[in-house]
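One structure below.
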Amino acid sequence: MTIVQLQYVLSVAEHKNFTIAAEKSFVTQPTLSMQIQKLENELNVDIFDRSTHPITITSIGKKIIEQAKEIVTQTKRMESLVMEERKSMQGNITLGLIPTILPTILPLFYKNFKKKYPNLNLKIKELKTDLIIEKLNDGSLDFGIAVTPLSDNQIIEIPIFYEPMVAYIPPNHILHKETTIDEKLLNINTLLLLEEGHCFRNNVLSICNTQKIGHKNMDLDSGSFQTLIKLANEGFGMTILPLLHTHDLNNNEKSNIRYFNSPVPTREISLIHHQSQIRLSFANEFVELLQGIIRGMLYLESNNITQPKISLQKNNAIPT
């Protein structure tokens, strides 16, 4: 029995497919299948039922997988212990980012990070908040970037920055004539929202928490900000965006942005990890790197005093 075999088993258990598991493990499918078969022969049990599509896990297989998770996690912790003792920025780190953050945050730090720490293999996964927490708890994820607070006493939160929210209001909407927006003017029944499971949806709903959802002309939830913007342009309502997302809009779209009156609805973006996480040097280095990039952005935008800005500290904004 080897650690590699256990890792292959966990990969198949996650993806329910030998081919995909092999691709994710960077080996050929025959190699992965052979190693899992060796393990099953040694234990004299079937871990997977290969007759089903997708494959399923046998009852004994479920118990083996739980034990395999613990063994692989403890092995990884041993490696992490050595890396942390040396204050080494080497090895492997798996980082989960929520979908409403990844497209804007990843381009900010990834190139600089790889240049500064060429010997650290940073694996990025796009996951919703509940899945990030689940994987932090079971050890399959080292760190996450999510909107906080999470109110989970097993998870440590390190705030990185505070991001204002803005309204995207096309010319066909009644509020387009407003130069700035008071949250009391928002009508939840004309708001286009991200689908269930996105924390940004809850951020938006918290702004409108005193309103009841009534009849909507179009009851559609999407997982994409770009889809919401296109629907708004077509006359189906308005939407709310995080500030960083507006940087990629074209000039016509930017003219539809309206800023909120003070106090501005703001979301807290944090690096999160399980309380048992050992590699805290990575956490410190990563937060410092990203905050340095944010400081550079603030310096470049310092001449624009009317636009709300990302902040490295809490201010009088409304947390959402």
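Any read-out appearing in this document is the output of simple, stated calculations on the displayed coordinates, not a laboratory observation. No experiment lies behind these values; they were computed from the predicted model shown. Don't worry about glycine lacking a Cβ; one is built from the backbone with ideal geometry, like all the others, and counts go over all protein chains shown.
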Taking 0.36 nm per residue of sequence separation and subtracting the Cα-Cα distance, how much length would be gained by fully extending the chain between Asn41 and Leu185, in nm to one decimal? 45.2 nm
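How many percent of DSSP beta bridges within the chain run antiparallel, rounded to 5? Don't skip to the answer; put the middle values down first.
Details: 24 of 42 bridges.
Just about 55 percent of them are antiparallel.
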Simple spin-label estimate for Ser224/Lys116, 7 Å along Cα→Cβ, in nm, reads 3.3 nm
Using the alpha carbon gyration tensor of region 89-164, what are the three equivalent-ellipsoid semi-axes (square root of 5 times each eigenvalue), largest first, in whole Å? 21, 16, 11
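Counting Lys and Arg as +1 and Asp and Glu as -1, each charge on the Cβ, what is the dipole of the chain about the Cα centre in debye, to the nearest 20? The partial results should precede the final answer.
Working: 32 positive and 33 negative charges, 122 e Å.
Here the size comes out at about 580 debye.
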Evaluate E = 1/(1 + (r/R0)^6) for Gln313 and Ser262, where r is the Cβ-Cβ distance and R0 equals 25 Å; express this FRET efficiency to the nearest 0.05. 0.95
Where does region 1-118 land on Rg/Rh, using Cα atoms and the Kirkwood Rh? 1.05
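Calculated FRET efficiency, Asn251 and Gln154, Cβ-Cβ r, R0 45 Å, to nearest 0.05? Provide the component values of the computation, followed by the final result.
Values: r = 46 Å, r/R0 = 1.01.
Efficiency for this residue pair is about 0.50.
For the chain, what is the Kirkwood hydrodynamic radius in Å, using each pair of distinct C-alpha atoms?
Details: mean 1/r = 0.0452 Å⁻¹.
Hydrodynamic radius (Kirkwood, Cα only) of the chain equals 22.1 Å.
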How much net charge surrounds Ser262 when only other residues with a Cβ under 13 Å from its Cβ are counted (Lys, Arg +1; Asp, Glu -1)? -1
